[in-house]
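Accompanying notes for the structure given below.
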Amino acid sequence: MAKPGIFLALLLTFWGWAGVLRVPGDFASLQDALAAAEPGDEIHLAPGRYVGEFLLSKPVRLVGSGAERTILAALAVHPVIRVTEGEVELAHLTVVKGIGWRADVGIDVLSGKLVLSHSTVRVRGGTGIKVKNGEVEMVCTLLAGCLTGVELHEPEACLVARESRIEGNTWGAVVWAGRAQFVGCVFAENETGLDVQGGEVSVLGCRFESNELAVSRKAGTISGGANFFQGNAQDVQGAVPRGFRAPREGPRCEVVHFPSPEYATLGEAVEAVVPGGTLVITSGSEVEARLTLDKALTIRSSGEGPATLWATWNTPGRGPVLTLLSGAEVHLVGVNLETESYEPAVVLYGEGVLRAEDGRFSSRGDGPRGGLVRLFDDSQAEFVRCRFSSGTEGESICLLLEGQARALVEDSWFEGYTLFGIEAREGPRSGVETTASWAPGWPSRAA
C-alpha cells in the first residue's frame, strides 16, 4: 500500500502544485526520493548524514535541516552530486568529500542550472564545485578546505556568486573559460583567492583578506571595482582595471617615513600615503616586501646612500618585489630592488608607469626566468643612472618588453651572466631607446 505522503505528492502534482517529499518519512533514502520526485517537487531532509552518489537530472529542490546538521557525502571517486539538466536548488545542507584525491569533486554541474544557498561545500584535496557547461548561482554559501573551491572549464560555463565566503582553499576560485561574477563575496586565507586563467570575470564589492595571493590574472578579462584588500601577502598579480581596489580607510599623509613605529609593514606605510605623495625609506635600510601599486607615488631614500627592497623564496606571497598596475605612476629615487628567486624584481601591467633614478635592479642565485624587469601591455618605464645585474649564471634577460610596452634607458649599466641585456617582443610599438648605456659582452634585441 502506498504511503499517505506519496499519495499526497501525486495528488498535488496532478493539480499542478509542487509536492513535498520527506526523507526519512515518505522515503527511506534520498536516492528513492529523487527517483520518485516529479519536476518542481521539494525534498526535505531530516538532520543526518546521507552517503551516496546523487544524480539530479530534473528540476527539484533539495532542502536540508541546516548546513551543520544535514550532510551529503560520498566515499567513492564519483561526485557527491551531479547535475545534468533542469534547474536544481540545494539549500541548508553541507556537501563533503574527504578521500583527498586530486580528481575528487563535490558538486559536478555538467549542464542545466544549480542554485545553491545557505550551504557549505568541503572537499579535501579536490574541487568543491566544478562547472562544465552549466550555470551556478551561489548565495550565502561557504566553500572551504578544498584544493579548488569552484572552477569553470568551458566557454558555456557561468557562475554568479553573491554574499558567499571562499576560505581556506589552495585556490579559492579558478576561471579557465566562461563567465563569472562575484558580488559581495569574501576570499579569505586561501593560497590564491581568485585565479583568472581565461573567460570574463566581474568582481564587485568583494573582500580579500589574509590570502597569500588575493587575485591572479594570467589571461581573460577582469572588471569591477570597490574591492577591499587587507592582510594579503600579495594583493594582485597581473593587470586589473583602475578602481578595482577600493581606497583603504584611515588617515592619509603627503609624506610617510619607514621604518616607523606607526607602521608594522611597508605595505601599511604605502597605504597611508595619499595618491601623489612620497614614501621615504631610511637610507641604508633593507626591507623585505612584495608591493602592488595602482596609484601615483614617489619612493625615495632618505639620504645619499640607497635603500633596498628585497624578496626571497620565503617572503610571504608570490611574484616580484614591485608590481605596478594601471593607475600606478611610480618614481623611485635611490632605491634598489633585489630578488632572490626566479621571480622578477619589477613587473608593469596595463598602463603602469615607472621612472627610476640612481637605483639598482639585481638578482641573487640563478636569477629570474624571463626577465629581471618586465613590461607588459601599454606600460612605460624610464631608467636613469641605473644598474642591472642578473646575478649568477641563468637564462634571464635584464629588461624584457612585451606587447606595446616602451622603455627609455639613459646612462645605465648592465652586468652579470644572462642571455640578453635588453629584449623587446611582439607588439609593433614595443621597443627600447638607450642613451649612454653599457652592456658588456651582451647582445641586445631591442625593436
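The values are calculated or read from the model by the stated rules, or taken from the named source; none is laboratory data. Everything quoted here is computed from the prediction, not taken from an experiment. Virtual Cβ from ideal backbone geometry, glycine too; neighbours counted across all protein chains shown.
Against the definition (free of Cβ contacts under 8 Å to residues at least 24 places away in the same chain, assigned to a strand (DSSP E or B) and not hydroxyl-bearing (Ser, Thr, Tyr)), how does residue 229 come out, yes or no? For residue 229, the condition - free of Cβ contacts under 8 Å to residues at least 24 places away in the same chain, assigned to a strand (DSSP E or B) and not hydroxyl-bearing (Ser, Thr, Tyr) - is met. The set of residues in region 292-305 being modelled with pLDDT under 90 and within 29 Å of the chain's Cα centre (by Cα) consists of 292, 293, 294, 295.
Say whether the condition of being within 26 Å of residue 211 (Cβ to Cβ) and touching a Cys at 6+ places or on another chain (Cβ under 6 Å) is met by at least one residue in region 121-129. Scanning region 121-129, I find at least one residue that is within 26 Å of residue 211 (Cβ to Cβ) and touching a Cys at 6+ places or on another chain (Cβ under 6 Å), so the answer is yes. Checked against the criterion of being in the same structural domain as residue 183 (by TED's automatic domain parsing), out of contact with any Pro (no Cβ under 6 Å at 6 or more places or on another chain) and closer than 26 Å to residue 184 by Cα, the candidates 229, 244 yield just one match: 229. Any chance you could count how many residues in region 86-114 are assigned to a loop (DSSP other than H, G, I, E, B) and not β-branched (Val, Ile, Thr)? Residues flagged as assigned to a loop (DSSP other than H, G, I, E, B) and not β-branched (Val, Ile, Thr) within region 86-114 amount to 12. Listed conditions (1) in a strand (DSSP E or B); (2) surrounded by fewer than 19 Cβ atoms within 10 Å (Cβ to Cβ); (3) not acidic (Asp, Glu) are all met by residue 208, apart from (2).
Per-residue answers, yes or no, for (1) within 20 Å of residue 53 (Cα to Cα); (2) touching a residue at least 40 places away in the same chain (Cβ under 8 Å); (3) assigned by TED's automatic domain parsing to the domain that holds residue 225; (4) in contact with a Cys (Cβ under 9 Å, 6 or more places away or on another chain):
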site: 131; (1), (2), (3), (4): yes, yes, yes, yes
site: 134; (1), (2), (3), (4): yes, yes, yes, yes
site: 146; (1), (2), (3), (4): yes, yes, yes, no
site: 206; (1), (2), (3), (4): no, no, yes, yes
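Of all residues being within 26 Å of residue 379 (Cβ to Cβ) and free of Cβ contacts under 8 Å to residues at least 40 places away in the same chain in region 278-292, which is surrounded by the fewest Cβ atoms within 10 Å (Cβ to Cβ)? Just the residue, please. My answer is 288. Being among the charged types (D, E, K, R) and within 30 Å of the chain's Cα centre (by Cα) is the filter; apply it to region 44-84 and report the residue that is surrounded by the most Cβ atoms within 10 Å (Cβ to Cβ). My answer is 82. When we screen 344, 275, 259 for residues that are in contact (Cβ under 8 Å) with a residue 12 or more places away in the chain, within 20 Å of residue 383 (Cβ to Cβ) and not basic (Lys, Arg), the only hit is 344. The single condition among (1) among the polar types (S, T, N, Q); (2) in contact with a Ser or Thr (Cβ under 6 Å, 6 or more places away or on another chain); (3) more than 26 Å from residue 184 (Cβ to Cβ) that residue 119 does not meet is (3).
The criterion of at least 2 residues that are within 29 Å of residue 220 (Cα to Cα), modelled with pLDDT of 85 or more and not polar (S, T, N, Q) is met by none of the strands (runs of 3 or more DSSP E) wholly inside region 238-291.
The listed residues are 285, 326, and the only one of them that is hydroxyl-bearing (Ser, Thr, Tyr) and farther than 23 Å from residue 375 by Cα turns out to be 285.
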